[in-house]
Amino acid sequence: MDLLGNEEVMGLIKRAHYLKHHPVKADFKRQFFVANLFFENSTRTHKSFEVAEKKLGLDVIEFDASTSSVNKGETLYDTILTMSAIGIDVCVVRHTDEHYYQELVDSKTIQTSIINGGDGSGQHPSQSLLDLLTIYEEFGTFEGIKIMIAGDITHSRVAKSNMQMLKRLGAEIFFTGPESWYDSSFDIYGRYTQLDDVIEELDVAMLLRVQHERHDSGTSFSKTDYHTQYGLTSERYDRLKPTAIIMHPAPVNRGVEIASHLVEAPKSRIVAQMTNGVFMRMAILEAILNGKA
């Protein structure tokens, strides 16, 4: 995300918004091949990239990590080296290792473009961009918008990407959740507080999934305790401004981060985020492939 300037980010937001309302026929000058290499489970990111690729008329090459040479001990680098050698133009990669992409983009041999579909607890650029699109569609600006990022912040690649971009674009950021899941390094982007202290002021309540798979045993909360202390309950929902919106990158732990009946409530934009994911990923792919062309 650091490599994208504010102007480039706004360009992607506006292009994705255009693609959403003006379906376009792909007019690339040559055939392009893309592969989705997901080494962690994914529904939304994986499948929305796939839909985006097919909407753009790209040739999607099947890749299943469970049946690949990774199971014979092949490194990620050598897998991508192979993809590059056989003519894959773009690889969308999700991997458990943070910064996995660094040695790939530093390689002088690998020619395929890398799109980060999520790296461990590091970054999730395409999710951040679709979140920005969702906020922009609602408010038409980021300047002065009050946004609460709530929950499992330390382990959330979504939170890390969003806090950086939202701060740059002028939003006012608050953090909340268990103190043990917060790091003081985030203070440069916003301030840690209690949800109940600011809920009436918020324009956006951005909830995060509790990532049980990234916690040591004994560091999690019971579902009821977490929901009561840090989740969006019905009572907290009613205290939000009429114009406020709720966001969540999903999958949602219903009854934990948010009461189940609020997932599709009038203030919720969780479904809209999923829809916007396709068009933002189209814009990302289009920008990369136009550069290659």
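The values are calculated or read from the model by the stated rules, or taken from the named source; none is laboratory data. The model shown is predicted, which means the values in this text are computed figures rather than measured ones. Note that each Cβ is placed from the backbone with ideal geometry, even for glycine, and that neighbours are counted across all protein chains shown. The area values use the complete protein model at the heavy-atom level, side chains included, leaving out ligands, DNA and RNA. Shrake-Rupley method; radii C 1.70, N 1.55, O 1.52, S 1.80 Å.
The calculated FRET efficiency for Asp238 paired with Thr193, based on their beta-carbon distance and R0 = 25 Å, is about 0.80.
Using a Gaussian network model of the chain in which every pair of alpha carbons under 10 angstrom is joined by a spring, one finds that among Leu207, Leu104, Leu12 the greatest mean-square fluctuation is at Leu104.
In degrees between 0 and 90, to the nearest 10, how far off the longest principal axis of the chain does helix 157-168 point, with axes built from Cα atoms? Taking the Cα atoms of the chain, the angle to 157-168 is about 80 degrees. Between their Cα atoms, which of Lys108/Lys292; Lys146/Lys241; Lys25/Lys47; Lys160/Lys267; Lys72/Lys108 are more than 22 Å away from each other? Check vs 22 Å cut-off fails for Lys160/Lys267; Lys72/Lys108.
Relative to the dominant Cα principal axis of the chain, helix 44-55 is inclined by about 50°.
Helical content alone sets the calculated 222 nm signal of the chain at -11500 deg cm²/dmol, taking -39,500 (n - 2.57) per DSSP H segment of four or more residues and averaging over every residue. Relative to the longest principal axis of the Cα atoms of the chain, helix 6-21 runs at roughly 90 degrees.
Using only side-chain charges placed at the Cβ, +1 for Lys and Arg and -1 for Asp and Glu, the dipole size of region 125-270 relative to its Cα centre rounds to 300 debye. Within the listed set Ser260, Ser156, Ser180, the residue fluctuating most in the Gaussian network model of the chain (springs between alpha-carbon atoms under 10 angstrom) is Ser180. So which lysines can Lys20 reach, going by Cα to Cα under 16 Å and dropping same-chain residues fewer than 8 places off? Counting by Cα, and skipping residues close in sequence, Lys20 has these lysines nearby: Lys54, Lys55. Rolling a 1.4 Å probe over the protein heavy atoms gives the chain an accessible area of 46 Å² per residue. Surface composition of region 123-216: carbon and sulfur make up 44 percent of the accessible area, probe 1.4 Å. Could you tell me which of rounded, prolate or oblate describes region 48-203, using a ≥ b ≥ c as the square roots of the eigenvalues of the alpha-carbon gyration tensor, with rounded for a/c under 1.5 and, failing that, prolate when a/b is larger than b/c and oblate otherwise? It comes out prolate by the Cα gyration axes. Estimate the FRET efficiency between Lys47 and Arg254 by the formula 1/(1 + (r/R0)^6), using the beta-carbon distance for r and 22 Å for R0, to the nearest 0.05. Working from the Cβ atoms, E equals 0.60. Does region 222-282 come out rounded, prolate or oblate by the C-alpha gyration tensor, with a ≥ b ≥ c the root eigenvalues, rounded set by a/c under 1.5 and, if not, prolate when a/b is larger than b/c and oblate if not? The shape class here is oblate.
Largest GNM mean-square fluctuation among Ala159, Ala171, Ala150, using the chain with Cα springs under 10 Å: Ala171.
Comparing Thr275, Thr96, Ala171 along the charge dipole axis of the chain, the residue lying farthest to the positive side is Thr275, per the Cβ-charge model. Each residue, Val70 and Gln111, gets one label point 7 Å from its Cα in the Cβ direction; the gap between the two is 2.5 nm. Within region 190-293, none of the trypsin sites (Lys or Arg not before Pro) combine a DSSP coil assignment with at most 12 other C-beta atoms in a 10 angstrom radius.
If you sort the three axes of the alpha carbon gyration tensor as a ≥ b ≥ c, you get a/c of 1.5 or more for region 154-260 and a/b no higher than b/c, which makes it oblate.
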